[in-house]
Amino acid sequence: GEQRYADGTATDQDGNTFEWINYGDLDWAIENAEVVTYRDGTEIPQVTDATEWANLTTGAWCYYDNDPTKGKLYNWYAVVGIHDTDPYTPNKQFAPDGWHVPSVEDWETLLNYLMTSGYNYTTFSRSIAKAMASTTGWEGFSAAGATGKDQFLNNISGFNAFPVGRRNEAAIFAREGKSSLFWNSDGLKLHFLSYDKNYVTFSDPIDRKYGCSVRFV
């Protein structure tokens with residue numbers, strides 16, 4: 001595959017501008033979500049306290065390590081717009097107008113597009129992590145094709161997945177520099193890249209209290 005560059009920019013409900021690239025039939029944001037409100041302006045609360053985070057059943061976000069210089073992480077409840085504890089209240093929209101949080105099917109479409117467009121590092125299926133990973137931030141790793149090896153060769157697809165890390169259901173932060181983990185709207189599993197692998201992989205179903213990155217489609 002050839003090096004890809006942004007095809008355009010868009011603006012979210014909070015006025016943040018993000019770049020996007022067209023991959024086949026879908027336009028994907030090539031920056032992580034930064035929103036702190038739902039589409040209608042309702043606040044998504046920032047939760048720093050570990051105990052509070054671990055007990056959440058509604059949407060929230062945090063910075064990794066509660067450090068404003070690092071990336072925003074969202075629980076799954078925020079991603080699907082669960083903003084209060086009333087089960088009869090309609091969910092809100094997390095993504096800006098015209099965009100949505102990718103489904104499992106959207107992710108599959110993206111990965112298949114990149115594989116068939118020549119972005120694989122090897123002939124092994126899904127060995128496109130290096131082509132999707134950012135050129136900085138990854139922990140070093142010696143295996144050929146790993147995202148942590150020769151990082152200047154990363155990101156020819158332009159997707160620019162940065163290893164923000166995650167917050168787990170117990171509110172513990174981990175894997176900064178090692179993983180880039182993304183929610184899908186189905187909440188069934190995570191799509192992620194790791195510093196020591198050359199392929200994109202999937203988690204088993206995880207707790208929806210996890211804090212992970214989000215992209216718009």
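Only one of the numbered conditions (1) in contact (Cβ under 8 Å) with a residue 24 or more places away in the chain; (2) open to solvent by less than 30 Å² (accessible area, probe 1.4 Å) is not met by Asp27, and that is (2). Residues of the range 161-197 that are open to solvent by 30 Å² or more (accessible area, probe 1.4 Å), out of contact with any strand residue (DSSP E or B) (no Cβ under 8 Å at 6 or more places or on another chain) and within 25 Å of Ile21 (Cα to Cα): Ser185, Asp186, Lys197.
A quick yes/no check of all residues on (1) out of contact with any Lys or Arg (no Cβ under 9 Å at 6 or more places or on another chain); (2) farther than 30 Å from Asp49 by Cβ:
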| position | (1), (2) |
| --- | --- |
| Trp107 | yes, yes |
| Gly158 | no, yes |
| Val164 | no, no |
| Leu181 | no, no |
| Ser185 | yes, no |
| Leu190 | no, no |
| Asp207 | yes, no |
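Does at least one position in the range 78-90 carry a residue that is within 17 Å of Ser180 (Cβ to Cβ) and within 14 Å of the chain's Cα centre (by Cα)? Yes: the range 78-90 contains one or more residues that are within 17 Å of Ser180 (Cβ to Cβ) and within 14 Å of the chain's Cα centre (by Cα). If only residues of the range 145-160 that are open to solvent by 50 Å² or more (accessible area, probe 1.4 Å) and free of Cβ contacts under 8 Å to residues at least 24 places away in the same chain are counted, the one that is nearest to Asn22 (Cα to Cα) is Leu153. So, in the range 95-113, of the ones that are open to solvent by 60 Å² or more (accessible area, probe 1.4 Å) and of a type in the set (Asp, Glu), which residue ends up nearest to Asn16 (Cα to Cα)? Per the criteria, the residue is Asp97.
Against the definition (under 26 Å from Ala10 (Cβ atoms), surrounded by 18 or more Cβ atoms within 10 Å (Cβ to Cβ) and charged (D, E, K, R)), how does Lys92 come out, yes or no? Judged against the criteria, Lys92 is a match. Taking first residues from the range 179-203 that are at positive phi and partners that are surrounded by fewer than 19 Cβ atoms within 10 Å (Cβ to Cβ), the Cβ contacts under 6 Å between residues at least 6 apart in sequence or on separate chains come to Gly187/Arg208.
When restricted to residues that are assigned to a loop (DSSP other than H, G, I, E, B), modelled with pLDDT of 95 or more and in contact with a Lys or Arg (Cβ under 7 Å, 6 or more places away or on another chain), the range 194-205 contains 1.
Restricting attention to the range 199-217, the residues that are more than 23 Å from Ile128 (Cβ to Cβ), crowded, with 19+ Cβ neighbours inside 10 Å and in contact with an Asp or Glu (Cβ under 8 Å, 6 or more places away or on another chain) total 2.
The values are calculated or read from the model by the stated rules, or taken from the named source; none is laboratory data. For clarity, every value in this text was computed on a predicted model and none was experimentally measured. As a convention, Cβ positions derive from the backbone with ideal geometry for all residues, glycine included, and neighbour counts pool all protein chains shown. We work out accessible area using only protein heavy atoms, side chains counted, and drop any ligands, DNA or RNA first. Shrake-Rupley method; radii C 1.70, N 1.55, O 1.52, S 1.80 Å.
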